[in-house]
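The values are calculated or read from the model by the stated rules, or taken from the named source; none is laboratory data. The shown structure was predicted, so the numbers you read here are calculated from the model rather than taken from an experiment. Heads up, the Cβs are rebuilt from the backbone with ideal geometry, glycines too, and the neighbour counts pull from every protein chain shown. Accessible surface areas use protein heavy atoms only, side chains included; no ligands, DNA or RNA. Shrake-Rupley method; radii C 1.70, N 1.55, O 1.52, S 1.80 Å.
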Amino acid sequence: MVFSGLAEKLQETFRRLKGKGRLTEADVDEAMKEVKRALLGADVNFQVVKKFVQRVKERAIGQDILDSLTPGQQVIKIVRDELAALMGGTQSKINVSPKPPTLVMLVGLHGAGKTTSAAKLANTLRKTGRRPLLVAGDVYRPAAIKQLQVLGQQLDVPVFSMGDRQSPVDIARAAVEHAVGTGRDLVIIDTAGRLQIDQEMMDELAAIKAAVHPHEILLVVDAMTGQVAVNVAEAFNSRLGLDGVILTKLDGDARGGAALSMKAVTGCPVKFAGVGEKLDALEPFHPDRMADRILG
Ligand code: GDP
């Protein structure tokens, strides 16, 4: 599971800290050095780590923890709060349009888990009373259209497709009309991915955005790719303006660097986490619960 390596290292550090009756400033410094090493080892962005450790130290010293009764615990609490803050503090929800349908556009590189996440998102949001329509907008891979149709069938969620001969912009426009006509209040648009970011892909996504004005553009990225995921997010964000991120494959052995750096580096919060291949394996991303998981 994600964060297991980081959790182990931090918990070990803090066990030692808690074991000391009184803390000197040198104890805190030493612990923070270990925290820094652990975060870098988890592939967290270097600048993010530097600022993080600085903030924890400032707070720790500012609160006179050295004189308090359980100084070790106080340091741990500060680290926990700052870890949660790093990931966005509270859970970030998707933008819902006051006038239905709400349009959610999923973007990302090939293999990140976009098509699967589209279906998972339909499944998750349906449980909150939404009536989703899935839209097959990846016209370059007929297999992707088929994949979405199969997933839609499994979930009993309608899938809008116009085959692979129409432009994604036309498909997106027609899908919105179809949603209005059939009383669907949530349109989830799957788009084409590439192996790497290229101009053509970005232009096409920008054209879809300009045509239908999605209320929410979510980037789907693979947590296993660590800092690469963060760089990908920066590139998509600067061109398209992202509202958030779906971080997939958190059930794997990702070190956690993407989850911990994403918000701080790109400003885009992680809104959902993919935690398995099954269609119910998508969870709202809770920064505070993630922080608790890391600190045990
Ligand atoms: P796309 O090319 O971005 O549309 O990617 P797909 O949706 O086809 O997913 C690529 C692969 O990743 C598939 O085998 C999915 O089952 C798998 N996958 C997607 N999300 C997750 C996840 O959260 N956890 C795991 N373990 N596998 C995932």
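Observations on the structure shown:
- Phe285 contributes an accessible area of around 0 Å² to the protein surface, as traced by a 1.4 Å probe with all chains present.
- Here the average projected area of the convex hull drawn through the C-alpha atoms of the range 240-296 stands at 4.5 nm².
- Dipole-positive endmost among Ser117, Leu83, Ala179 within the chain (Cβ charges, Cα centre): Leu83
- Centroid-to-centroid, using Cα positions, the range 230-271 and the range 1-80 are 24 Å apart.
- The 3J(HN,Hα) values that the Karplus relation (6.51, -1.76, 1.60; θ = phi - 60°) gives for the range 180-186 are, in residue order, 4, x, 10, x, 8, 9, 9 Hz. Gly and Pro appear as x.
- Note on Lys9: lysines with a C-alpha under 25 Å away, same-chain residues under 8 apart excluded, are Lys18, Lys20, Lys33, Lys36, Lys50, Lys51, Lys57, Lys77, Lys249, Lys263.
- Solvent accessible area, Å² - Asp81, 1.4 Å probe, full protein context: 40 Å²
- Taking the Cα centre of the range 1-118 as reference, the dipole from Cβ charges on Lys and Arg (+1) and Asp and Glu (-1) amounts to some 320 debye.
- For the chain: accessible area per residue (Å², 1.4 Å): 45 Å²
- More than 15 angstrom apart: percent of Cα pairs within the range 73-167: 69 percent
- Debye, to nearest 20: dipole size of the chain, +1 on Lys, Arg Cβ, -1 on Asp, Glu Cβ: 460 debye
- The label point for Glu234 and the one for Ser167, both projected 7 Å from the Cα toward the Cβ, are 3.2 nm apart.
- Stokes-Einstein diffusion of the range 2-116 at 20 °C, 1.002 mPa s viscosity, Kirkwood radius from Cα pairs, rounded to a whole number: 129 µm²/s.
- Overall size of the range 202-272 from C-alpha positions, given as principal axis extents largest first: 39, 20, 17 Å.
- Full extension of the chain between Lys50 and Gln153 gives 32.3 nm of extra length, using 0.36 nm per residue less the Cα-Cα distance.
- In summary, the convex hull built on the alpha carbon positions of the chain has an orientation-averaged projected area of 15.4 nm².
- The accessible area of Val232, taken with all protein chains in place and a 1.4 Å probe, comes to roughly 20 Å².
- Value of Rg to Rh for the range 178-296 (Rh from inverse mean 1/r over Cα pairs, i.e. Kirkwood): 0.99
- Here the average projected area of the convex hull drawn through the C-alpha atoms of the range 112-254 stands at 8.4 nm².
- Where labels lie 7 Å past Cα in the beta-carbon direction, separation of Gln11 and Ile197 in nm: 3.6 nm
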